[in-house]
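The values are calculated or read from the model by the stated rules, or taken from the named source; none is laboratory data. In this text the structure is predicted, and so the values were computed from the model without any measurement. No Cβ is skipped: glycine too gets one built from the backbone with ideal geometry, and neighbour counts run over all protein chains shown.
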Amino acid sequence: MKSGLGPTFYNMETRENIISLVEKEVGKVIENMGYELVDVEYGKERGTWVLRLFVDRVEGGITLRECESISHVISLLLDELDPIPHSYNLEVFSPGLDRVLKKPKDFARYVGHKVQFKLKNPIKGSKNIKATIREVVSSAVIVEREMEIFSIPFDNILKARLEVEL
């Protein structure tokens, strides 16, 4: 799922602080509910501020009803924390089949799956690489592409998204 959140010039430091606070505080509550906060997006979309949470079960698969329940609980928490100084819409989604991978445990969970990587610095002559995860080590993900195995350091990954294989 591609987000429609466009770039915004609303103080980027404030934006990052809001995302960080949400990841920390909301993440704890979601984890205590038996779910996992996969990703957080915050920005302006068609003139409206949106805080979008991507939530999944640890073992995978979340229902619409569960998203609604999580949204209700998190809405109350955010009303209490009040981290956003203006009105916004809270949206809670499943990460989808093409979910974003951020943490080493995300990559480990999907060993054997194809991933589209966007990199800060080129590897093998490209900043965009589609490869299969073979292994995860402390500082990198080991991948295979066209019978060649190489590593991608975590600190070189801008974005990694599962490829949907039909």
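Across the range 106-124, the qualifying residues are those that are more than 11 Å from VAL143 (Cα to Cα) and part of a loop (DSSP other than H, G, I, E, B), and the one among them that is modelled with the highest pLDDT is TYR110.
Looking only at residues in the range 62-119 that are among the acidic types (Asp, Glu) and over 25 Å from ASN17 (Cα atoms), which one is surrounded by the fewest Cβ atoms within 10 Å (Cβ to Cβ)? So the residue we want is GLU68. The strands (runs of 3 or more DSSP E) found wholly in the range 1-105 and carrying at least 3 residues that are in contact with a Gly (Cβ under 9 Å, 6 or more places away or on another chain) and modelled with pLDDT of 90 or more occupy 35-45, 48-57. State all residues of the range 18-37 that are on the phi < 0 side of the Ramachandran plot and in contact (Cβ under 8 Å) with a residue 24 or more places away in the chain; if no residue qualifies, say none. Within the range 18-37, ILE18, LEU21, VAL22, GLU25, VAL26, VAL29, ILE30, MET33, TYR35 meet the criteria.
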